[in-house]
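Notes follow the structure.
The values are calculated or read from the model by the stated rules, or taken from the named source; none is laboratory data. Source: prediction; values computed, not measured. Please note: Cβ atoms are built from the backbone with ideal geometry, for glycine as well, and neighbour counts cover all protein chains shown. When the accessible area is computed, the model is the full protein with side chains, heavy atoms only, and any ligands, DNA or RNA have been set aside. Shrake-Rupley method; radii C 1.70, N 1.55, O 1.52, S 1.80 Å.
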Amino acid sequence: MGMTVVQKILARAAGRASVEVGDVVEPAVDLAMSHENAALVINQFFEVYKGAGLEPRVWDPSRIAIIFDHRVPAESSKTANNQKKVREFVAQQGIAKFRDIRGDEGGICHQVLPESGWVRPGRVVVGTDSHTTTHGALGAFGFGIGATEMASVWALGVALNVEVPATIQVLVNGRLAGFVSPKDLVLHLIGRLTAQGANFKAIEYHGDTIRLMSTSGRLVLCNMAVEAGATSGIVPADSETLRYLREETGVRDEIEVVAPDPDAVYGQVVEIDASSLEPQVACPHAVDNVKPVAAVAGTRIDQVVIGSCTNGRLEDLAVAARILRGKKVARGVRVLVFPASWRVYRDAMNGGHLAALSDAGALIMNPGCGCCLGVHQGALGDGEVALSSTNRNFKGRMGNPKAEVYLCSPAVAAASAVTGVITDPRTLLNHQDTKTPRLAVVVTWW
Amino acid sequence: MAKVVLTLGDDVSTDDIYPGRFMATVLPSETPQYAFADHTAFNARLKAGQIPPGSVMVAGQNFGCGSSREQAASTLQGHELVVVARSFARIFLQNAINLGLKVVVAPGVEAAEGDELEVAAAAVVNHTSGKTFAVTPLPRARQAIIDAGGLIAYTRRRLMKEEPHL
Ligand code: SF4
C-alpha cells in the first residue's frame, strides 16, 4: 500500500521499510528545538540523570536548537534568570544552534529555523512549542512536544511513542483573489475542520494553489494546522522548496525530496476552491469561530497586531506597508508590528516597509513573539478589542481574560488600522490596487 | 469514589488551564498555584486546600488544546486532580502521561459538580446519576511510561540499559 509523506518520513526515521497508520515508532530526531522553555527542559534533563550514574550529556549538540523569542528582551527577573540558566547550559553542552538576544540574528524560532536552512525535506523536527507544525512547509515532519519529552529526546535522540497519524489531504485549487492570503485559506480550513477536527492526525496540503504558493505562505498553512489539532501540517517538497533553501537560506548540500506515493491512503479529503475565498476573521474566543470579514466589518478595535510566527514575514509586512503607505492609523488605535526575525526586520527596513508603517503611526517593535502570548509588550485593557495576525484568540491569550482577540490576515489588520474598525481591505483601496499580484508572489518583488 | 469539583465544556485551552502570563514559572513544584488562575473561585479553593487530592474534573472534547506548555499538566498534577474528558488534545495528553497526571478518556461522560464518581480502568461510574460510561484505553504505547512511574524514570531506565557497563 502506498504511503503518505508523513508515513515515508517516519518509516525512514525509524529504520523501517514501511509504516502503517497506528503503528508506534521511535523516530530518530534530526532537529530538536526549544525556546525559553528550555529552562524547564534542562531541569527535567538533569532529573533524568539523577541516580543514573551517567554524566548528563545531550545526545547530539549539533541537532539541538534553542532560540530566545517568547520574552525578548526579558520582561522580568524570573525570565532573565531562566534565560541565564539556558545560556550556561548551551555553553556547557556546546549547543550549536543557539540564538540569543541580539540585533544581527535570531527572532521567532519558527522563522529562524527555516531561514537558517536548518529544516530540510524528509527530516523529523520536534519542538517544545505547539507551532512546530510550521516546519512542514519545507516537507519536514514537525510536531510539538512537552518539556519532559524534550528532555528525553536530548538524552536518547529519539522521540518515544509516536503513533503514525492518519492523514487528511487538503486539496486546494484556484487562484486566491487580491488581498486574500494563505492566512484566509487556513482560517477557512480551521473553521471547517473545527479546533479538534485534526487531533492526532496530520494535514497534507496539495493542489495548484499550494504548488504556486511561496514558502512564506506555506509556513502560514502549516503553522496553523495545529489550531485544528493536527500533529503536523506538511506541504510535500517541490521546486519551490528547493528554490527557497538554495536561494534564501544558502543551503549547498544535497536535498532529498520526499513525495507521497500516488496510491497513498488518506483518511479524509477536504477540497477548497481558493478562488471563491474572501478574507476571513476568527472571532473571540475560539480559533474555529471563523467568519468572512463582511460578517464582522465595522467592529471597533483598540489594538492591531501584525507579526508572530504565523504572519510576521516579509510578505506580511510588505502588504501591510502597501496598505498603510501614505495613510494614517486611526486615532485611538495602537498598531504594533513585530517582524518575525531580525533578517525580516532588516529586509523590511531596506525595502522601505518599516518606514511606511512607522510614518503611518505604527510602532515597530523588536522581533519576537511580542504580545502574542500575553506576557509583555502590548497587553490589553478590560473590554478592549484586538485585531491580530497571530494564531490564537483563546480567552486571556493577550494577557487579559476580559479582552477580546480577533484573528485575521496582515491585509485585514492594516486596512482596519486605518479605519479603526474591522475592514475588508478590498473596500479600502481603489480598483487598480486590488489588481496587483496576489500575495503568494509578492515575495518575488524584492 | 471521588467528588466532581469542576465541570467544563469542549476545547478548554492550555491558556485557560495555565495562563501564558505565568509561563516564566517553569518548575513543576511552583506551578500549582496558577491552576485555572482566571477561574478565580476555583483557583481560590485550590489554593486554600479545599479540594482534596483525587478529586475529579470532568471536561468535554479536546481538553488541553493549544500550546504545548507542560505547566498545564504539572499545575493540575500538583493538586493530584483526576481529569476525565470526552477527549484530550494530543500534546496535553502526552504531557499528562509523561508527568503522571491521571487522565481518563470517557467519550460519553456526563457529570455535574458535586457528583460522586468512581473512576476505574474500564469504566467511569457516576453514582449520583447511576450512569456508567465506557473508558477508551490510552494509546497503547503509553502504558510503559505509566508503569515506569513517568517519563523521567522511563528515560533513565532506557539510558541505563544502553550503558551495560553500569
Ligand atoms: S509568535 Fe505566538 S504562537 Fe508563535 S511561537 Fe511565539 S508565542 Fe507561540
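Which of the aspartates and glutamates could be linked to A:Lys402 by a straight reach, that is with a Cα gap under 14 Å, when you skip same-chain ones fewer than 8 residues away?
Excluding near neighbours in sequence, the set is A:Asp302, A:Asp382, A:Glu384, B:Asp15, B:Asp16, B:Asp38.
Please report the net charge: other residues with Cβ closer than 12 Å to the Cβ of A:Asp288, K and R +1, D and E -1. Numbers along the way, then the final one.
Working: positive: A:Arg192, A:Lys291, A:Arg392; negative: A:Glu227, B:Asp10, B:Asp11.
Around A:Asp288, the charge tally is 0.
Return the average number of partner chain Cβ atoms within 10 angstrom of each residue Cβ along peptide B:147-155. Walk me through the numbers before you get to the answer.
Working: counts 0, 0, 0, 2, 10, 11, 3, 4, 15.
Per residue, the number of nearby Cβ atoms from other chains is 5 on average.
Determine the percent antiparallel among the DSSP beta bridges restricted to the range A:5-272, to the nearest 5.
Percent antiparallel among DSSP bridges in the range A:5-272 is about 15.
Rounded, prolate or oblate: which one fits the range B:1-89, using the alpha carbon gyration tensor with axes a ≥ b ≥ c (rounded when a/c is under 1.5, else prolate when a/b beats b/c, else oblate)?
Oblate, because a/c is 1.5 or more while a/b does not exceed b/c.
Dividing the convex hull volume of the alpha carbon atoms of the range A:281-433 by its residue count, what do you get in Å³ per residue?
For the range A:281-433, the hull spanned by Cα atoms encloses 92 Å³ per residue.
Report the percentage of all Cα-Cα pairs in chain B whose separation exceeds 29 Å, rounded to a whole percent.
Summing the P(r) tail past 29 Å for chain B gives 18 percent.
Within 10 Å of each Cβ of B:85-96, how many other protein chain Cβ atoms are there on average?
5
If each DSSP helix of 4+ residues adds -39,500 (n - 2.57) and the sum is divided by the residues in chain A, what number results at 222 nm, nearest 500 deg cm²/dmol?
-8500 deg cm²/dmol
Hey, if you drop one equal point scatterer on each alpha-carbon of the range A:144-293 and run the Debye formula without solvent, what base-10 log of I(q)/I(0) do you get at q = 0.16, 0.19, 0.22 Å⁻¹?
Computed log10 I(q)/I(0) values: -0.98, -1.24, -1.40.
In the Gaussian network model of chain A, springs joining C-alpha atoms below 10 Å, which of A:Val48, A:Val335, A:Val164 carries the largest mean-square fluctuation?
A:Val48
Under a 10 Å cutoff between Cα atoms, tell me which one of A:Trp59, A:Trp342, A:Trp154 has the largest fluctuation in the Gaussian network model of chain A.
Of A:Trp59, A:Trp342, A:Trp154, the most mobile in the Gaussian network model is A:Trp59.
Using only alpha carbons, build the gyration tensor for the protein assembly as shown and give me the equivalent ellipsoid semi-axes, biggest first, whole Å.
Listed largest to smallest, the semi-axes of the protein assembly as shown are 36, 28, 24 Å.
Tally Lys and Arg at +1 and Asp and Glu at -1 over the other residues with C-beta under 13 Å from the C-beta of B:Ala111: what net charge comes out?
-2
Given C-alpha coordinates of the range A:5-272, what is the ratio Rg to Rh with the Kirkwood estimate of Rh?
Radius of gyration over Kirkwood radius for the range A:5-272 works out to 0.97.
Would you jot down the residues in the range B:17-48 that end up with at least 50 Å² less accessible area in the complete protein assembly than in the chain alone, with a 1.4 Å probe?
B:Arg21, B:Ala24, B:Val26
In terms of the Cα gyration tensor, with a ≥ b ≥ c the square roots of its eigenvalues, is the range A:3-73 rounded because a/c is under 1.5, prolate because a/b exceeds b/c, or oblate?
Here the range A:3-73 falls in the oblate category.
Going by average Cβ density within 10 Å per residue, which order do the peptides A:244-256, B:66-78 take, highest to lowest?
By packing density, highest mean first, the sequence is B:66-78, A:244-256.
Please compute the length gained on full extension between A:Ala96 and A:Arg211, using 0.36 nm multiplied by the number of residues separating them and subtracting their Cα-Cα distance.
Additional length available on full extension: 38.1 nm.
Averaged across A:39-49, how many Cβ atoms of other chains sit within 10 Å of each residue's Cβ atom?
The shielding value for this peptide is 5.
Setting aside same-chain residues fewer than 8 positions from A:Lys50, which lysines have a Cα under 28 Å from its Cα?
Filter leaves A:Lys78, A:Lys84, A:Lys85, A:Lys97, B:Lys102, B:Lys161.
Give me the net charge for the shell around A:Gly207: Cβ to Cβ below 13 angstrom, other residues only, Lys and Arg +1, Asp and Glu -1.
So the environment of A:Gly207 carries a net charge of -2.
Pick from A:Gly139, A:Gly326, A:Gly122: which residue has the top mean-square fluctuation in a GNM of chain A where Cα pairs under 10 Å get a spring?
Of A:Gly139, A:Gly326, A:Gly122, the most mobile in the Gaussian network model is A:Gly326.
Would you mind giving the total buried accessible surface between chains A and B, with a 1.4 Å probe and ligands, DNA and RNA left out, rounded to the nearest 100 Å²? List each step's numbers first, then the result.
Values: alone 16300 and 8770 Å², together 20990 Å².
What A and B bury together is about 4100 Å².
Between B:Ala48 and B:Ala121, what's the calculated FRET efficiency when r is the beta-carbon distance and R0 is 35 Å? Round to 0.05.
0.60
Just order B:109-115, A:30-36 by mean Cβ neighbour count inside 10 Å, highest at the front, would you?
A:30-36, B:109-115
Calculate how many DSSP beta bridges within the protein assembly as shown are antiparallel, expressed in % of all such bridges and rounded to the nearest 5.
That works out to approximately 25 percent antiparallel.
Pop out the ³J(HN,Hα) list for the range A:345-351 in order, Karplus 6.51 cos²θ - 1.76 cosθ + 1.60 with θ = phi - 60°, rounded to Hz; leave Gly and Pro as x.
4, 5, 4, 5, 5, 5, x
At 1.4 Å probe size, with every protein chain present, just tell me what the per residue accessible area of the range A:76-232 comes to in Å².
Ligands and nucleic acids excluded, the figure is 23 Å² per residue.
Evaluate the Kirkwood expression for the hydrodynamic radius of the range A:200-270, namely the inverse of the mean inverse distance over all pairs of different C-alpha atoms, and round to one decimal in Å.
13.4
Cα gyration tensor of the range A:224-264, axes a ≥ b ≥ c as square roots of the eigenvalues: rounded (a/c below 1.5), prolate (a/b > b/c) or oblate?
Values: a/c = 3.08, a/b = 1.49, b/c = 2.07.
Cα axes put the range A:224-264 in the oblate bin.
Suppose each label sits 7 Å from its Cα in the direction of the beta carbon; what would the A:Asp382-A:Arg331 distance come out to in nanometres?
Label-label distance for A:Asp382 and A:Arg331, simple model: 2.7 nm.
In whole percent, how big is the carbon plus sulfur part of the accessible area of chain B, probe 1.4 Å, protein atoms only?
Here carbon and sulfur together make up 52 percent of the probe-accessible area.
At what distance in nm do the modelled label points of B:Glu113 and A:Val24 sit from each other, each positioned 7 Å from its Cα along Cα→Cβ?
My value for the distance between the label points is 3.7 nm.
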